[in-house]
Amino acid sequence: MFVNLIRKPPAKDWLLIFLFKGYISTILDKTLVTKNKIMYPVKLVKWFDISVIFDYLLFPVVCVYYNQITKSSNLFLIIVKTFYFSVPMTILENFFEKRTSLIKFKNGWNIYHSFLTMSLTFLVSRTFIALVRGADNTRVPENT
């Protein structure tokens with residue numbers, strides 16, 4: 001799935017979003033774990049106290065797809081499409097929190113905080129790539 005997403009032009013944008021989203025997810029997740037808001041009782045890799053699969057694979061791939069869908073959208077549609085992605089992810093996370101031991105919310109953290117955080121990170125990634133594209137278009141060509 002990741003390879004097919006990255007192969008769509010402009011591939012450099014999608015790879016940049018994938019890496020950016022992984023970086024942002026890791027920082028947020030590590031902060032929440034450190035502040036004892038979220039806990040991952042079942043760990044894929046014992047050395048990490050974050051959700052490695054979610055932070056480095058699932059969330060970045062979904063974010064690339066989100067950015068591809070919103071590439072030519074206006075601000076209103078970007079916000080609406082953000083909810084198309086964050087609502088199902090929040091529902092799925094709520095299911096995992098209630099029915100499995102993959103994630104546990106603690107100390108006041110709840111599903112609404114997760115929804116807001118996911119929505120904001122989608123919007124931040126979309127803003128980031130828009131700024132990168134804008135900076136790329138404002139470059140002055142060199143005379144040869």
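Nothing in this text is a laboratory measurement; each read-out follows from the coordinates by a stated rule. Since this is a predicted model, take the numbers as computed values, not measurements. Cβ coordinates were reconstructed from backbone atoms using ideal geometry, including for glycine residues, and neighbour counts include every protein chain displayed.
Quick notes
- Assuming charge only on the beta carbon of Lys and Arg (+1) and of Asp and Glu (-1), the dipole of the chain about its Cα centre is about 240 debye to the nearest 20.
- Trp47, Trp109 arranged by Cβ crowding within 10 Å, fewest neighbours leading: Trp47, Trp109
- When Rg and the Kirkwood radius Rh are both evaluated on Cα atoms of the chain, their ratio Rg/Rh stands at 1.03.
- Label-point separation, Leu77 to Ile91 (7 Å along Cα→Cβ), nm: 2.3
- In terms of surrounding Cβ atoms within a 10 Å radius of their Cβ, Met39, Met89 rank from fewest to most as Met39, Met89.
- Computed lengthening from Ile53 to Asn4, 0.36 nm per intervening residue step minus Cα-Cα distance: 15.8 nm
- Once each of the trypsin sites (Lys or Arg not before Pro) sitting in a DSSP loop with at most 11 other beta-carbon atoms within 10 Å is removed, the chain keeps 47-138 as its longest stretch.
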